[in-house]
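Okay, structure first, notes after.
The values are calculated or read from the model by the stated rules, or taken from the named source; none is laboratory data. Bear in mind the structure is a predicted one, so any value in this text is a computation, not a measurement. Quick reminder, even Gly has a Cβ in these numbers, built from the backbone with ideal geometry, and neighbours come from all protein chains shown. Areas reflect the complete protein model, heavy atoms only, side chains present, ligands, DNA and RNA absent. Shrake-Rupley method; radii C 1.70, N 1.55, O 1.52, S 1.80 Å.
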Amino acid sequence: MDPTTRILVVEDDPTVRLNLSAYLEDDGYDVTTVGDSGEAIEAARTDTDLSVAIVDVRLPSGTGDDLIRTLHEIRPSLGFLIHTGSVRYELSEELRSIGMEPGDVLQKPQVDMTTISRAVARIIARKARGS
Amino acid sequence: MQARTTRAIGEPVSKLNSSPEPTPALRKDSDAKRPDAIRPESREGLGRLIDHSSDEAFCFRFDPPIPTDLPVDEQIPLLYQSVLVDCNGAFARSRGAGSPHELIGKGFRDLLLGPPGWLDGVFREFIKLGYRFRGAMLAPDPDGTGRTIRANAFGEVRDGSLYQIWGSDQDITELQRVVEENSFRQRFQRFLTQLTDQLFEMPSDRVVEGVRDSLERLGDLIDVDTVRLSSLDGADIQAVIASPGPTLNRPLRRTTDAEDPGGSHLAVHIQRSGNAIGRITVSTARELEWPDERVDQLRLVGKLLIAALEKSDIERDIEKRRVFDRFALALSYRFQGTELADLPAAVMAELVSVAEFLDVDAIFITAPEDSEAAFTIPCAWAKPDRLKTASEWSRGRFDASGPGWNQLVQGETLSRGVDGTERGFLVAAGARSYLEVGLPQVPYLCSIGVANAELTATWPKTTEPVMRIIGQIIGWTMRRVRTEGALRESQARFRALLEQSGDAFFRISPTGRILEANVQASRSLGYTTEGLLSKSLADIDTADQDHRYRTELWPELEKGQFVTFEAEQRRRDGSTFPVEVRLGTLDTRERVQLLALVRDITDRRRLEQQIVRSQDAFEDIFNAMSDGVVIHPEDSLEILEVNDRMCELLGVAKEEVLHAHPTDFYANPTATTRNDVDQMLQLVHEQGPQILHAEIRTTRGSSASIEVRLQRVMLSGVARIMAVVRDVTEFRRMQETLIQTEKMMTVGGLAAGMAHEINNPLSGILQGVQNTLRRIAPGTPANQRVAEELGIDLDQMNTYLQQRGVVDFLSGIQEAGTRAAGIVSNMLQFSRPGGSNPVPSDLNTIVERALSLSAAQFDPQLKSDFRHVQVDREVDLTLPLVPCISTEIEQVMMNLLDNAAHAMIRQENSTDPPRITVRTARDGRWARIEVEDRGVGMDEETRRRAFEPFFTTKGVGEGTGLGLSVSYFIITNNHGGTISAESEIGRGTKFIIRLPLG
């Protein structure tokens, strides 16, 4: 695993945020965590090495969908995972058009977090193939 | 018109006696076999008798005698050329003479009463019978009126020539009239009996034909040319009688002038309870006097025929309503579960069937240009062979403005001919008239219209309300499909269902404020929908029901029952009308509300009053009523009389019902049932009409819910108790479904919302545990590195954590969290949109798979495992494929099987082996699955709440209380089906699933 792979976690719930970053760090990733969209955009602008962003759908400052669109504009190479508590979330056409797939939506709670690890690895591999 | 004479004057009417033997009194002396026996005194006595008889006796002589071998036609004129040789006093008097002597020697022609030649027919008969005649004939009178004469004549033949005629005439006009009237009365009676027998058993679509036929037979019977019956309801039936009947209305003045239209008419008004209901008119071209009794006879027949027409109208209405109810229900089911993408095709398909149902040439929907409807559905359909399909028809959008638009926006109805200035697409298509209904209360449509290729002056009465409802169903379906959220979906369906019911619907707050009302409610009360919502119960109810709610109704309502009572409502204009109110509670867990379905019973009242007031119409209406009617004596509930409908409800013959007690037919009578019902009688006497509810057995072994209205009535001056019985099974089911749906959607929505909120903290818990376990594990480089930095031995720490049970605690947290996640995921199914699409599947295979999966699952908490349960299968192998999501149906089946096993394990003292019966069958347009156990059963309270989330009778840890609610949502929400339970304490439970066949 490439130890320099950098992941951005956008999550407003501090416990979930902490747990995600701890788990991914243990997987060997370099994790940045932020609590809302503004911080996420800021992070994407400054951190040029980000590979994957894990985004919550309900955020204090807008929806995850909007955020992903913005982040994609700033950094088209960025891959995305959606981590949501709503079972009714469906991937919009727009997000599909930037290459997201239904498997990139993860339901909370993940009883087995290896699913998240596998999803991150899959996105990184997909991005590597694409570029 | 040529005057029709029924029988030529001078024709023999009938042979009163077929014997051609001459009477002994006129027998010639020479013929007597025993001349010795006749003594001169007796001969003289007979002569005196003849002299003083009221019969006319005569003897004419021919000079010269007529040779009997002449051809008949030559003899006839000669028969008029005779001379009177003797007659009696009656004969003389009838010719205006004082004594016979004044007439002796006069010629036959001078003494003939009537025009020359009128006896030709009789003479012909006379010659044919060997110069004998005995029979009746119609004879003219000097004043021109007709008489019936019984004539007796005997010709004396000497040497092959007719020498003289002896004869007697008797005027039997009066006698004949009496005989004829009597025989007429008998025939009339037979006619009436046939009429009542045939007419009231006739299918409603053939009654008009039957009435016309009856009118023809009536006309035939009373010998008229035409009979016409018109009722105030608009029926107008005329019968022209082809064949002449027996002579009854004897002509009084003969009309010789064929040009004189003349004729006689008799019009009789038909009344019932003092109100005119119609008229019956008979006409004949002859001039005659009508016998007095004819008026009564016509009135009686007219009344019966109108009753028969009314009965058929009522039946037809009911039938039409039934057909439509089924149609509307099917329509809403068809739309249920339709996805947005499929909606245009579904609406299009249904528009075709709606047009067929309404029998119109075209149907269209208009929507304002800015509404989504204009872009999402095809808006019209026209019969290809009737109308041209203009391009606008399929383009999906019309110019919605134009003349009449404002009216439509107000919800009014336009019915007019196409005049070229509006609805361009109709002009283009070649339609001549259209009917369009505005639907402002429907969110996505503005109007629905139908059109015909021909000019339609009057649209059927039913067309408009049907379109209104169809439009509402389509409109609300669109809204349902467009609107996210199961709760709002259910409300649309709920409304659509209510709109169909035809009853006014109110949702009322505990303080009496009207929270919601359907269109029927605002229409019947004369308010706009908004106007009605600002009102309270006191504004529309004439009596203050407050006291009644608290004392009488509330205890029943609290038990979850619905109550029915009669009340009076006040319209906006102050007028009032009687209503029947069905009241139930809607417990949404947030607050208790009242649900009221209100039916206008003005018509029923009128019918009931007619029954009470008018004895003679009683029979007709009694059996014509669509409700069952039972007559009891005043002081007991012995059944004295029932109508046909009641026998039909019970499914038994009338004889089995008479003298029985109503509770003999109850489905589940208890020891006190009979007593309880008898006590109602006391209440009827003390407080007036009473309403009670009961379950009765029906023929097919199932039961029906009935509502009985007991009231005291006077029938023919005798006090009786009348029970009007209505089958409310369907209503009860509908109410139960409505309340259930509403409740489930509310609770389901709450649960789903809650579940979402729980997912975040649950994530924290589950992920935290996983991180903790990973970070205490030895062997991970990061863990090892940090431990080394701190000088801790990881292996040692793990030993400690295990010895102190910390690892077990963590596993406990993980297990509990996982279970909570499972519950939440179940709860989320309540609001889950249909994930996968239904695929035509074999239900029997699904059932079989669920059975084997259940059998394989060993539940250590069960004292006996599922493998010991006997499973009986009664499956319908011819069941067609059912569109469904097989994994979901499998889940429901396993759930039901699990519940059934549990219910039987708890039936501890049962000697029966545990047994589950699984059935599949086709049920009309549904596929039915039943799971029946012989377990402990459920009480009514449990049965009603069985599908509520978190409601469970299992012990803590045994069940989450979500199994049935998830099943409920799977069946109703995801499949558009129904699931219900029937149960009896100690006997077992049966769950019934119905899935639409597509």
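The calculated FRET efficiency for B:THR780 paired with B:THR818, based on their beta-carbon distance and R0 = 30 Å, is about 0.80.
For the stretch B:446-460, 3J(HN,Hα) computed residue by residue from phi via the Karplus equation (6.51, -1.76, 1.60; θ = phi - 60°) reads 10, 8, 10, x, 10, 9, 10, 6, 9, 6, 10, 6, 10, 7, x Hz, glycine and proline entered as x. The distance linking the stretch B:969-997 with the stretch B:751-805 is 46 Å (Cα centroid to Cα centroid, whole angstrom). Largest accessible area first, the residues B:THR456, B:THR845 order themselves as B:THR845, B:THR456 under a 1.4 Å probe with ligands, DNA and RNA left out. Each residue of the stretch B:766-777 was assigned a 3J(HN,Hα) from its phi angle through the Karplus curve 6.51 cos²θ - 1.76 cosθ + 1.60 (θ = phi - 60°); the sequence is 5, 6, x, 5, 5, 5, 4, 4, 6, 7, 9, 6 Hz, with glycine and proline shown as x. Residues B:ARG785, B:ARG147, ordered by accessible area of protein heavy atoms at a 1.4 angstrom probe radius and largest first, appear as B:ARG785, B:ARG147. Rounded to the nearest whole Hz, the Karplus-based 3J(HN,Hα) values (6.51 cos²θ - 1.76 cosθ + 1.60, θ = phi - 60°) of the stretch A:96-110 follow the sequence 4, 5, 9, x, 7, 10, x, x, 7, 9, 10, 8, 7, x, 7, with x at glycine and proline. Extending 7 Å from Cα along the Cβ direction at B:ASN844 and again at B:GLU757 yields two label points whose distance is 5.0 nm. Among the residues of the stretch A:71-112, which ones have their accessible area go down by 40 Å² or more when all the protein chains sit together, as opposed to their chain alone (1.4 Å probe)? For the stretch A:71-112, once contacts with the other chains are taken into account, A:GLY85, A:VAL87, A:ARG88, A:LYS108, A:PRO109, A:VAL111 lose 40 Å² or more.
Quick one: Cα convex hull volume of the stretch B:89-205, Å³ per residue? Mind dumping the intermediate values first?
Values: hull volume 20.0 nm³, N = 117.
Hull volume over Cα atoms, normalised by residue count, gives 171 Å³.
Of the whole protein surface, B:LEU773 contributes about 50 Å² of accessible area at a 1.4 Å probe radius.
What's log10 of I(q)/I(0) for the stretch B:42-105 at q = 0.18 Å⁻¹, Debye sum over Cα points only, no solvent? Values returned for q = 0.18 Å⁻¹ are -0.73. Taken across both chains, chains A and B shield about 2100 Å² of accessible surface from a 1.4 Å probe. For the pair B:GLU289 and B:LEU692, label points projected 7 Å from Cα toward Cβ lie 6.1 nm apart. Once both labels are positioned 7 Å from their Cα atoms along Cα-to-Cβ, the gap between A:THR4 and B:TRP926 label points is 6.7 nm.
Can you figure out the FRET efficiency of B:THR529 with B:LYS383, using R₀ = 30 Å and their beta-carbon distance, to the nearest 0.05?
Details: r = 35 Å, r/R0 = 1.16.
That pair, B:THR529 with B:LYS383, gives E of 0.30.
In terms of accessible area, using a 1.4 Å probe and ignoring ligands and nucleic acids, B:THR193, B:THR458 rank largest first as B:THR458, B:THR193.
Backbone amide hydrogens, once placed in the peptide plane, bring A:LEU59 within less than 5 Å of A:GLY64, excluding anything fewer than 5 places away on its chain. Please report the carbon-and-sulfur percent of the accessible area for chain A; probe 1.4 Å, protein heavy atoms only, DNA, RNA and ligands left out. The value for chain A is 50 percent carbon and sulfur by accessible area. Subtracting the Cα-Cα distance of B:ARG61 and B:ASP233 from 0.36 nm times their residue separation leaves 55.0 nm of extension gain.
If I take R0 = 45 Å and measure r between the Cβ atoms of B:LYS106 and B:GLU181 in this structure, what FRET efficiency does the formula 1/(1 + (r/R0)^6) give, to the nearest 0.05? Efficiency computed from Cβ-Cβ geometry: 0.75.
Rolling a 1.4 Å probe over the protein chains gives B:MET827 an accessible area of about 10 Å².
Using 0.36 nm per residue, how much length does the chain from B:ALA667 to B:GLN870 gain when fully extended, once their Cα-Cα distance is taken away? Mind dumping the intermediate values first?
Numbers: separation 203, 0.36 × 203 = 73.08 nm, distance 2.93 nm.
70.1 nm is the gain from fully extending B:ALA667 to B:GLN870.
The mean of 1/r over all distinct Cα pairs in the stretch A:19-131, once inverted, gives the Kirkwood hydrodynamic radius of 14.3 Å.
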